[in-house]
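Right, one structure below, let's go through it.
The values are calculated or read from the model by the stated rules, or taken from the named source; none is laboratory data. All values reported here derive from a predicted model rather than from experimental measurement. Please note: Cβ atoms are built from the backbone with ideal geometry, for glycine as well, and neighbour counts cover all protein chains shown. Surface areas here come from the heavy atoms of the whole protein model, side chains and all, with no ligands, DNA or RNA. Shrake-Rupley method; radii C 1.70, N 1.55, O 1.52, S 1.80 Å.
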Amino acid sequence: MEEPGGQEPQTFTLPLLGALYSSVVIVAVVAILNSRIGRGLEDEIDAPARTLVAAPVILAATVVFVSSVIALILPAYRRAALRVAEIAAWLIPAWLMMGAMVLGAISFALNHAD
């Protein structure tokens, strides 16, 4: 068992996984917005609504990527950088779920408003 103030083993696994995760999220969001699904959303959802969903996801993924790279380059700040990356990584699916629920509620309300 490790002491609370002891040294941790220096591995590259978590920072590399964080950088990969954030890169995949950014590519997936951009690909979805440029695909047939994203273009179909243009008719149903205004551009500001799509931006309010996509922009925080890309921002959080950028924070994860930068924090992971800092953890790789500066081992002295690895623990703090990985904590920031972990928090931002959890914000991505949380924001997507909240956005989907809000857009679904709006769609439901508009369809039943007649």
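What to note about this one:
- Subset of the stretch 65-114 [under 19 Å from the mean Cα position of the chain (by Cα) and of a type in the set (K, R)]: R83
This table checks each residue for (1) open to solvent by 40 Å² or more (accessible area, probe 1.4 Å); (2) under 30 Å from G104 (Cβ atoms).
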| position | (1), (2) |
| --- | --- |
| L17 | yes, no |
| I26 | yes, yes |
| I58 | yes, yes |
| A61 | no, yes |
| S68 | no, no |
| A80 | yes, no |
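- Evaluation of A109 against (1) modelled with pLDDT under 90; (2) over 21 Å from V29 (Cα atoms); (3) surrounded by 14 or more Cβ atoms within 10 Å (Cβ to Cβ) (one fails), failing number: (3)
- Qualifying residue in the stretch 36-46 (condition: surrounded by fewer than 17 Cβ atoms within 10 Å (Cβ to Cβ) and modelled with pLDDT of 90 or more): no
- Verdict on A71 being in a helix (DSSP H, G or I) and in contact with a Lys or Arg (Cβ under 9 Å, 6 or more places away or on another chain): yes
- Of the residues V102, V84, the single one that is in contact with a helix residue (DSSP H, G or I) (Cβ under 9 Å, 6 or more places away or on another chain), in a helix (DSSP H, G or I) and either modelled with pLDDT of 90 or more or closer than 30 Å to T11 by Cα (or both) is V84.
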